[in-house]
Structures are given as C-alpha cells and as structure tokens.
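*Asks:* I have a structure I would like to understand better, so I am pasting it below and will then ask my questions one at a time.
Just so you know, all these numbers are worked out from the coordinates, no wet-lab data involved. For clarity, every value in this text was computed on a predicted model and none was experimentally measured. All Cβ positions, even for glycine, are placed from backbone atoms using ideal geometry, and neighbour counts span all protein chains on display.
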Amino acid sequence: MMWLSCDKNNNGISIRKTGGFTIVELLVAMAISLIVMAGIFSTFKSQQDSYVVQSQVSVTQQNLRAALFMITRDIQMAGYYTDMVPGTYPFQAPGEVLDGVTIRPLMYSRNDVSGITGVKDNTDILVIIKGNDTWRELTAGEYATPGDSSAAYLNLNNLNDIDLSYVGASNHNKFGFLAKKDLNRAEIFEVDSGNNLVFPDGLIDNYSEEDIVGKVDVIIYKVDNSDPNRPTLKRKNLGTDTDYNIIAEDVDNLQFSYILNDGSEIFNLDTLSNIPKVRAVKVFILARTDNPIRGYTDPNTYQMGSYAVPSADTNDGHMRRILSATVNARNIGL
C-alpha cells in the first residue's frame, strides 16, 4: 500500500510504502475462510444428522425390546391356573374389542383387524387369560358348590393383597378363579358391582378348605391409532387396570401366528378347538423412528407372518426396525 507525504527539505512530495493487504488479498482470504468454514459446517452437520438418526434408531430398538419382553412374559403365562377350565367362558368387557366374545380362557386373537375404533387397521389384537400370581387357599368355612348363583361363603373383600371386591371407578368387573388343590380343575368367575360372584356357565366342581382362590388377568394387546402420527402399542389388564397403558410408542404393526401341537401354523386364533392346541406363538413387532429422516427412503420389505406390509405404508421417510421371536406357550396343553 502506498502513502503520499510532504518533504519539508525540498518542498516535494515523496512516496512511502507501508504494510497492509490489498482488496484482492482480503477477498481471496475471505473466500478461503468461507470454503474452510463450509467444510467444517458440512462435517459437523453430517455428524449431527448421523447422531440424531442413530439416537432415534436406538430408541426404536429399545421400544421393540421392551415390548417384546412384556408380550413374551404374558404369553408364557397364558393359561396359568386356567388351562383346566372345561368348555368356554363368555368374557363380557363393555367397550372393549372383545365385547361379547365367548372364548376358552387361554388365549384369543383377531387377525388383521379393520374398522375397529382406536385400533390401527391391518394389525392383530391378542387377548391373554391367566391366573394372577397372587392367590391363597380357602380357609375353614369357605366353600362353593355346583349350581351356586353366587358364592356367599367365599370371603372376597378381606383377602389382603388379593382383594377381589368390585372397583366401580374402573368400570369393569374383577375376574377370579377357583382351583382344586391338586390342580385337576380350575374355573373362572366374575365379581359384579354388588360384590357377588357370578358363574356364567355354573360351577362344575365343589370347592372347600385348601382349594385355591385368586385373581384372573385378562390382558389385551393392540396398536392404538388415536393419533395417526404416533401409533402406540398398548396393554390393558381388565382385572386391574382402569385404562390402557402405553408399552411402546411409534409401533407400526403387531402380528402373531400360532404353532399347534401337530406342527401346523395358523394366523387367527378365534376357533375354539384350536386354542388348547397352541404350543408356541410367533410375535412380530414393527416400529419406526419418532421423526422422518431427511432424504431417507426405506428400501426394505417387511413380512410379518402372513401379512406383508405394503410399501406405500413405509414410504414416509421414517426408518424402521422389525423384531420377531417364537415364544413357547408353556402353560397350555399341560
């Protein structure tokens, strides 16, 4: 850079050079800086996007594992203390998806449901019936006999931790079971709003001191689509819960198939004669990331038992994971 200055000795003008940058040099430096900063930002953004994606995938996998663990545990207990029940039992559950269904108290399912309010189309519903692990022996003076319309001689509202008295706020009946002490028979009853026992099919056997009384769990699994943008896997125990509990969020689909005692596989467990023959249950759960991934197209196809998820259902930018397992129904067919 050049500066003009006056020379007092010869009254002339001299030219003096000083340090600095030219405009061109500054522009070049700025351009280089911008290029470097752009590279740094691009690297940071790429790493940030990768972190977000991996974080979402990790949450999705955790949801799948948690859901599968709970379903597995319930399937393994299906039929616990209830497998000996002869005939069928009409579970009346007002407002529930199995309202009015008559089933043998082990398991029941509906395959690829459609048009049920609050349940995502093309998903399965599974109902599991089992004796609760809280029970006690009948004491002296307690008994129930065939033909009883109610069991006035069973103490239901003073059972400490297995109180079977009706809870009106829950808007459902409590379910209980009676079992012989040698476990050669078990029968299910209901407790109505007056805390009376109801035997829909009538008791078959006599029950007295040292026989067993306890709670029955009637568990429903379904995929709730009340919020279409956030489908959730939900569970409700009709014997204890007042509402459905969220087991896992962002669950796209839930499917089951059933292995019978002859090795055949079926996909709908609504035939009464097949229910006692179940030896294992295949579980398929499909979950997706909480948010869509920018620029992501799902290249996978998902076969869940007999159901193939349409590609149109997965073309939304979400990344998906599927988890499956075969669970032995160890209390059925004993």
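*Asks:* What are the principal axis extents of the Cα atoms in the stretch 73-149, in Å, biggest first?
*Replies:* Here the Cα extents, ordered largest to smallest, are 52, 30, 20 Å.
*Asks:* What is the order of 304, 84, 107, fewest Cβ neighbours within 10 Å to most?
*Replies:* On the way: 304 23, 84 17, 107 26.
Taking fewest neighbouring Cβ atoms as first place, the list is 84, 304, 107.
*Asks:* Something else about it: For residue 43 and residue 117 in one chain, what is 0.36 nm times their gap in residues minus the Cα-Cα distance, to one decimal in nm? Don't jump to the answer; show the numbers that get you there.
*Replies:* Numbers: separation 74, 0.36 × 74 = 26.64 nm, distance 4.69 nm.
Contour length minus Cα-Cα distance gives 22.0 nm.
*Asks:* Between residue 271 and residue 328, 0.36 nm times their residue separation minus their Cα-Cα distance comes to what? Intermediate values should be presented prior to the final figure.
*Replies:* Working: separation 57, 0.36 × 57 = 20.52 nm, distance 1.96 nm.
18.6 nm is the gain from fully extending residue 271 to residue 328.
*Asks:* Which length gain, in nm to one decimal place, applies between residue 196 and residue 24 when the Cα-Cα distance is subtracted from 0.36 nm times their residue separation? Please list the in-between numbers first.
*Replies:* Working: separation 172, 0.36 × 172 = 61.92 nm, distance 9.54 nm.
Computed gain between residue 196 and residue 24 is 52.4 nm.
*Asks:* For residue 239, list long-range residues whose amide hydrogen, built 1.01 Å from N in the peptide plane, is under 5 Å from its own amide hydrogen.
*Replies:* Answer set, sorted by chain and number: 218.
*Asks:* If you look for lysine pairs in the stretch 53-328 that are eight or more places apart or on different chains, how many of them have Cα atoms under 13 Å apart?
*Replies:* Values: 120/222; 120/234; 130/215; 174/215; 222/234; 222/236.
For the stretch 53-328, the number of qualifying lysine pairs is 6.
*Asks:* Can you tell me the order of 271-283, 251-263 when each peptide is scored by its average per-residue count of other Cβ atoms within 10 angstrom, highest first? Don't skip to the answer; put the middle values down first.
*Replies:* Details: 271-283: 17.2, 251-263: 20.1.
For the peptides 271-283, 251-263, the packing ranking is 251-263, 271-283.
*Asks:* If I take R0 = 35 Å and measure r between the Cβ atoms of residue 55 and residue 134 in this structure, what FRET efficiency does the formula 1/(1 + (r/R0)^6) give, to the nearest 0.05? Intermediate results must be reported in sequence, preceding the final value.
*Replies:* Numbers: r = 40 Å, r/R0 = 1.13.
In this case the efficiency is close to 0.30.
*Asks:* Please report the base-10 log of the normalised intensity I(q)/I(0) for the stretch 217-334, using a Debye sum with one equal scatterer per alpha carbon and no solvent, at each q in 0.19 (1/Å).
*Replies:* -1.10
*Asks:* For the stretch 63-107, list residues with backbone N below 16 Å from a point placed 7 Å from the Cα of residue 226 toward its Cβ?
*Replies:* 95-97
*Asks:* So what is the relative contact order for the stretch 61-140, in percent, with contacts set as C-alpha pairs under 8 Å and at least six apart? Provide the component values of the computation, followed by the final result.
*Replies:* Working: 96 pairs, mean separation 21.7, N = 80.
Answer for the stretch 61-140 is 27 percent.
*Asks:* What order, most packed first, do the peptides 122-130, 308-316, 207-215 have when packing is the mean number of other Cβ atoms within 10 Å of each residue?
*Replies:* Values: 122-130: 24.9, 308-316: 13.1, 207-215: 19.3.
Put in order of decreasing packing, that is 122-130, 207-215, 308-316.
*Asks:* Once all Cα-Cα distances of the stretch 53-328 are split into 5 Å bins that start at 0, what whole-number percent is in each one?
*Replies:* 1, 6, 12, 16, 17, 14, 11, 9, 6, 4, 2, 1, 1, 0, 0
*Asks:* Oh, and also: If contacts are Cα pairs under 8 angstrom and at least 6 residues apart, what is the relative contact order of the stretch 108-150 in percent? Display every interim value, and only then the final one.
*Replies:* On the way: 30 pairs, mean separation 12.0, N = 43.
Once normalised by length, the contact order is 28 percent.
*Asks:* Also, I was wondering about something else. Sort 230, 235 so that the residue with the fewest other Cβ atoms within 10 Å of its own Cβ comes first and the one with the most comes last.
*Replies:* Numbers: 230 13, 235 20.
Ascending Cβ contact count within 10 Å gives the list 230, 235.
*Asks:* Given Cα pairs under 8 Å that are at least 6 residues apart, what percent is the relative contact order of the stretch 53-328?
*Replies:* Details: 652 pairs, mean separation 56.4, N = 276.
For the stretch 53-328, the relative contact order is 20 percent.
*Asks:* In which sequence would 249, 137 go, from the one with the fewest C-beta neighbours within 10 Å to the one with the most? Could you put the intermediate results ahead of the total?
*Replies:* Details: 249 17, 137 13.
If I rank by nearby Cβ atoms, fewest first, I get 137, 249.
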